[in-house]
1. Of Ala47, Ala57, Ala31, which has the largest mean-square fluctuation in a 10 Å C-alpha GNM of the chain?
2. Among (i) 16, 28, 16, 13, 13, 10, 3; (ii) 20, 40, 25, 14, 1; (iii) 19, 46, 25, 8, 1, only one was calculated for this model; which label is it, if the read-out is P(r) over Cα pairs in 10 Å bins from 0, in percent?
3. For the chain, what does the relative contact order come out to in percent, with C-alpha contacts under 8 Å and a separation of six or more?
4. Size of the dipole of the stretch 1-64 about the Cα centre, Lys and Arg at +1 and Asp and Glu at -1 on the beta carbon, nothing else charged, in debye to 20?
5. At most 15 other Cβ atoms within 10 Å and a DSSP loop assignment: could you name the trypsin sites (Lys or Arg not before Pro) in the stretch 1-62 that fit?
6. Around Arg69, what is the net charge, scoring Lys/Arg as +1 and Asp/Glu as -1 over all other residues with Cβ under 14 Å from its Cβ?
7. Residues of the stretch 1-67: accessible area per residue at 1.4 Å, in Å²?
8. So, in nm, how far is label Ile25 from label Arg11 when the simple model puts each one 7 Å beyond its Cα toward the Cβ?
Amino acid sequence: GKPLLLTGIVRGPDGGALPGARIEIWQTDDAGIYLHPRDPRLGDRDAGFQGYGRAMADGAGHYAFRTIRPGLY
């Protein structure tokens, strides 16, 4: 898949950064296949792609994921 750097800032209702927040993402591989036991195309999934990621926001609320561009689902 095409590399993608996904970044952002976690903010609370007051607009302030939330350091230490846990962020979790789930996405398809570049063929649009989720890592899910009921996905009928699971056998065609890219076995080298994890399908999810977790990160903790830094002291300023920033986070980053190095991933791939997901395919159409």
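1. Of the options given, Ala47 has the highest mean-square fluctuation.
2. Looking at P(r) over Cα pairs in 10 Å bins from 0, in percent for this model, the match is (ii).
3. Worked out over the chain, it gives 49 percent.
4. Computed charge dipole of the stretch 1-64: roughly 80 debye.
5. When the trypsin sites (Lys or Arg not before Pro) of the stretch 1-62 are filtered for loop state and at most 15 Cβ neighbours within 10 Å, Arg38, Arg41 remain.
6. Once positives and negatives cancel, what remains is -1.
7. 69
8. 1.9
The values are calculated or read from the model by the stated rules, or taken from the named source; none is laboratory data. Note that this is a predicted model, so its numbers are computed, not measured. Note: ideal-geometry Cβ built from the backbone for every residue, glycine included; neighbour counts use all protein chains shown. The accessibility values were calculated without ligands, DNA or RNA, using every heavy atom of the protein model including side chains. Shrake-Rupley method; radii C 1.70, N 1.55, O 1.52, S 1.80 Å.
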